[in-house]
1. Take the conditions within 31 Å of the chain's Cα centre (by Cα) and open to solvent by less than 60 Å² (accessible area, probe 1.4 Å) and apply them to Asp192. Does it pass?
2. Could you grab me the full set of residues in the range 204-233 that are out of contact with any helix residue (DSSP H, G or I) (no Cβ under 6 Å at 6 or more places or on another chain), hydrophobic (A, V, I, L, M, F, W, C) and either over 20 Å from Ala46 (Cβ atoms) or open to solvent by less than 30 Å² (accessible area, probe 1.4 Å) (or both)?
3. Quick check on the range 180-189: of everything there that is farther than 17 Å from Thr36 by Cβ and not hydroxyl-bearing (Ser, Thr, Tyr), which residue is surrounded by the fewest Cβ atoms within 10 Å (Cβ to Cβ)?
4. Determine if the range 253-263 includes at least one residue that is surrounded by fewer than 20 Cβ atoms within 10 Å (Cβ to Cβ), basic (Lys, Arg) and farther than 30 Å from Gln172 by Cα.
5. Return the pair list, or none, for Cβ contacts closer than 6 Å from residues in the range 211-239 that are over 15 Å from Lys28 (Cα atoms) to residues that are assigned to a helix (DSSP H, G or I) and open to solvent by less than 30 Å² (accessible area, probe 1.4 Å), at least 6 apart or on different chains.
6. For the range 99-153, name all the residues that are under 14 Å from Asp191 (Cβ atoms), in a strand (DSSP E or B) and out of contact with any Ser or Thr (no Cβ under 6 Å at 6 or more places or on another chain).
7. What's the number of the only condition in (1) of a type in the set (Val, Ile, Thr); (2) under 31 Å from the mean Cα position of the chain (by Cα); (3) over 27 Å from Met40 (Cα atoms) that Val150 fails to meet?
8. Would you be able to tell me the number of residues in the range 610-640 that are surrounded by fewer than 17 Cβ atoms within 10 Å (Cβ to Cβ) and within 28 Å of Asp218 (Cα to Cα)?
Amino acid sequence: MARMFHLLNLPLLVVALVGGVSRADSPKLYEFLPATSQAMVWIPNATDLSDRWEQTLLHQLAEDPTVAPFFKEQREMIQNRLMEAGWRLGVKPQELMDYFPGQLSVAWLEMPNERKPFALVMLGQVEQQDEVVGRLMSEIEAAIAKHNPVKKQLSHMDQAITQYTLPRREGQLLDENTLIAAVSGTLIATDDLPVMHQMIEQLTGQASSHAKLVDDKDFIASREQLKITGQGHIEYFVRPLGIARVVRAISGKKSKSSADILEVFRNQGFTAIKCVSGEIQVRQGDADIAHRGFVLAEHPLPRSAAVLDFPNKALSEIPSFVSNRVDSFMTVNWNAQTAFWKVRELVDELVGNQGVFDEVINGIKNDANGPKVDIRNEFLPLLTNDIIALTDTRDGEIDVDSRRNLIALKVNQPAKAAAILDRVMKAEANAEMLEFDGVTIWKVTNEAEDVQEDFSEFGFDDEQEEEEEPWLNQWAISVLKGDSDEGDNGQGASEGYFMFASHTEMIEQAIPQARSGGAAHLASEADYQRMFQAISQLMNEQNPCAWKVSRNHKAHRVQYELFRQGKLQDSESMLATLMNRFVEVDAEATTGAEGQKVDGKDLPPFDTITKFLQPSGFKVVSTPHGWEFGSLLLGDPNRGPTELSSGREAETARIVDSTGESKR
């Protein structure tokens, strides 16, 4: 897991690696990358990026004296793990930053090698001065010598290559090599000798038979669809299934389930989702981070991939049941009547039993002991295709049950939907019927079940127990009827919401809120209005298929406080479970602070950092060629727009170390 985790986080470290200016006549470093690249990150100008990042609230948060020690510890932990696994440069990123005066690019490659089907490569601009390059190589060697490597001098095309082979760890089958070369003002670092040869040939202008990423039709098409501006401070390219294969190869794990997940996705048409291209701007206008991207896909999508059917008809207004206590709000429009049936073959193949999907659907309809609901003709026609998801925080002290989630499906005949729900829940052994203000709510209490996650093939290799508790121990479901023109407390309403909530009281609070006439509504909150206006203007105000607003000064409270308490892994939140995997929870410790390797007890209370947490949001638009998306993290509302130059055209460098002296 360690190797996979840190290589995935390498793009987050490139900001710390570089400092300098991009020369206007320099080729873009990603132009040298091979077509086998499954993911690529490129920074065109590190000094400009660094300057802009220092103007953001997130940087100010990391530098705040109350939390700076924590962020420093996290940064050092990631850097140390990076050196111990996968890419063992053996030197901290900030120790090299002054040697990189320009661009930097990192890529993950898929290789035609059965024993090692992946490779990684980093390209970074360095000064073309023998003294500077010599000091850089000396620092790398001095640092990596701590790991007792075997050093070997190689060459290719009259270019010197230094290879370091690190001692094998227990159980390790393959050598871990780090190869370093400085060619034509570019430092090359990779773990694969053929890749090093290819990069040298490209950088020295030699004729090469290797296909380039920049000539790849998907790379070109996705950037054309995005209409990439060239003003991004970070650009990236990802092939989703390709990088998943690389991640699995790096982790060295296989799926514990009978089905090969990636093979299933390939069989079910998800290879039609070709790639994602994007650009990120930092400290741009009112936003600390502005992100635009495009998912390139074939249309119509084949087989089960056609489940991704999102018309550009997302709700433009928030329903009346959404109060101002909400932490995040998202809505999406999904063509349920058609797309629902596209999942048939996917379910069958995942289960390994053809026809199981239809068997379940028919059982729901015809089983004498079941609810006898006709999904096709009785339930799906009630859906308007509008889906709403929101989160909030339960009142009182923060504990593992404080995060609350609600999903609402808009329906056009709520009375009929309520009748169907009653039939279904009466057949549910763990369901309890409650009445609240004239509305029936069904509360379900789960006992321990065999609910297992299988992320092992992607490096999440925590041992799984034979039986695990469900994601939610309790949940509730109801149908909330909308306002009626007939004055009968909503009984004659033509629209309503099929609600599923993690907490019964979340539905109970939605009922009077829906009848309040808009009092204490989310739409009245200033931070929501600011974010909604920003994402409405994003991407030329196109009608979206999905959009979301997160009120970050509220949304992160539960995870933050649980982290302080050492209880993050105990949270009922599915997000907490995934977060905990990425902060390395000890697999042998399942409860309590001892199970969390990073101690959060010294962090300040959440209220002291909320000033740094401004709202964020995203917007997605379906197109004939895929999906365009954009997201924003807003900055300080009291500051003016940035006056920093783009830096792309600048010709002066500002590279100063902690002593105020440049190593160049």
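1. Yes; evaluated as a whole, the condition is true for this residue.
2. Ala207, Ala211, Ile220, Ala221, Leu226
3. Looking at the filtered set, the residue picked out is Gly185.
4. No; the residues of the range 253-263 include none that is surrounded by fewer than 20 Cβ atoms within 10 Å (Cβ to Cβ), basic (Lys, Arg) and farther than 30 Å from Gln172 by Cα.
5. none
6. Selection gives Val106, Trp108, Phe118, Ala119, Leu120, Met122.
7. Exception for Val150: condition (2).
8. 2
The values are calculated or read from the model by the stated rules, or taken from the named source; none is laboratory data. Just so we're clear, the structure is a prediction, and the values are computed from it rather than from any experiment. Here Cβ is always computed from backbone atoms with ideal geometry, including for glycine, and neighbour counts include all displayed protein chains. Remember, those area values only see protein heavy atoms, side chains included, never the ligands or the DNA or RNA. Shrake-Rupley method; radii C 1.70, N 1.55, O 1.52, S 1.80 Å.
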